[in-house]
Structure formats: structure tokens, C-alpha cells
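Take a look at the structure set out below.
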Amino acid sequence: MLLHAFETMVQQTSEKLLDSEIENVIYPIDPNSLSVEDTVVCEAGMVPVDYRCVPCSKGKYEDNGNCNLCDVGSYQDTTGSQRCHNCPDGRSTLGMGSINAEDCSDKLVDAEILGLEFKVENIDAFKLKQLELEHELKLKELEMKEMEKRKEDELKFKQAELEMKERLEMDKKEKEDVFKLKELEMKLKELEMKERLEMEKMKIEMVKEESNTKV
């Protein structure tokens, strides 16, 4: 239909049917001096695409002939709309272009992991990127702390192992000393026994000599 209207206009121009008459005076219009421009005017919520009016899809709204994504904290569950619905108070979406109310969440954006103490209600792309960077920084800090703790534990283990070895050496030395002491005690007892035997022998010899002398 639009193409037919355009062809009719071109035909009328070529046949000089666009000449104008003002106060009984005909003013000819040179077809070569004319320029034709085509524009498509669409209803609200629709945008022109290839000479057709197409409604903006879900998650988008129409503004000045363009379909834009719904901002964070809003959604659009129908097509051909000029605005988006805001999430209820205390809720938000995690990104742009949400298509239903279920995308509105009251969950925190992992405040415990990110080390945050405030509730995130509206997060745009920049804030989300910033939170991701903070999250990565937190993870690196945790990794560094864990590495330092591991080194401290290894050092403590080595110190404990060294102390244990020293204690074992001392115990071993003490046992060796005790064994040597027992050996000395045994030798002393042997010497005492020998002395006693010698004394007994001497007594016996003396008794024998006395007996012989009397005879």
C-alpha cells in the first residue's frame, strides 16, 4: 500500500499533475526540482523497522522512536510499552532488561563475601563491575592471608619437630648415662665381692697357719 502511494506520487510528478493554481494563475512545478522523503510514523510503544512499525519487546520501552532496556530495579512484562514497572520497595533486579516481576529480588548481593554491610537496592552496570572488582580484591586478600597462615603453620611444625628431635636426643643421652651408671654399679659390686673373697681366703690361710704352729 505504501509502495503504491509512492509510485502514484512519482507518476503525478512526471505528468506535471502537481502544478498549482493560485488566483487563476497556474504555477508550473518542475519535477526535477522536487525531492521526496519518506518517514514512517508509528503508534506509541512501536518503532519503525524497514517501513514497518514493530512493538518494543519485553524488557524494553519505547522512547523517541527507540527501544531501550529497562533500567536496574525495573521490568516490563508486555510488548509495545512506553515505560517500565518499578520493583516494589526493598527489591531490585541484578541487571537491565528484566522481563517479569519475579526478577525483582530482596536478596543481598552476597554482602558477607563482599564484606559489605549495606543492602544493595539499585545496582547499575558500573556499580556491579565495582562490586566484582571489590570481590576479586577480597579473594586475593584472603588468599594472601591463607598463604601467610600456611607458612606460619609450616614454621611452627618445623620448630616442634626440631624440639622433638632435641628431646629425643636428650632422652637417649639420659638413658645411655643411666646404663653406664648401672654398669659402674655392677663393676663396683664385683670388686666388693672379690675383696670379700680375698679377705675370706686370707682368714682361712691365717687359721691354717695357726693350726700348724700349735702342732
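Readers should treat all values here as calculations from the given coordinates under stated rules, not as data from a laboratory. These numbers come from a predicted model, not from an experiment. As a convention, Cβ positions derive from the backbone with ideal geometry for all residues, glycine included, and neighbour counts pool all protein chains shown.
Set the Förster distance to 35 Å, then compute FRET efficiency between Glu169 and Val207 from the Cβ-Cβ distance, nearest 0.05.
0.05
Note on Asn66 and Asp177: the extension gain reaches 30.2 nm, defined as 0.36 nm multiplied by sequence separation minus the Cα-Cα distance. Evaluating 6.51 cos²θ - 1.76 cosθ + 1.60 at θ = phi - 60° for every residue in region 66-76, the Karplus couplings come out as 10, 9, 10, 5, 5, 5, 4, x, 9, 8, 9 Hz, glycine and proline recorded as x. When you count the other C-beta atoms within 10 angstrom of each residue and take the mean per peptide, 132-140, 68-76 line up highest first as 68-76, 132-140. Close amide-amide hydrogen proximity is noted between Val47 and Val54, Cys56, each under 5 Å apart and 5 or more residues distant or on a separate chain (H modeled in the peptide plane; Pro and chain starts excluded).
For the pair Leu162 and Thr79 in one chain, pulling the backbone fully straight at 0.36 nm per residue adds 22.4 nm over the alpha carbon distance.
A simple spin-label model places pseudo-atoms 7 Å from Cα toward Cβ; at Glu132 and Glu200 they are separated by 10.1 nm.
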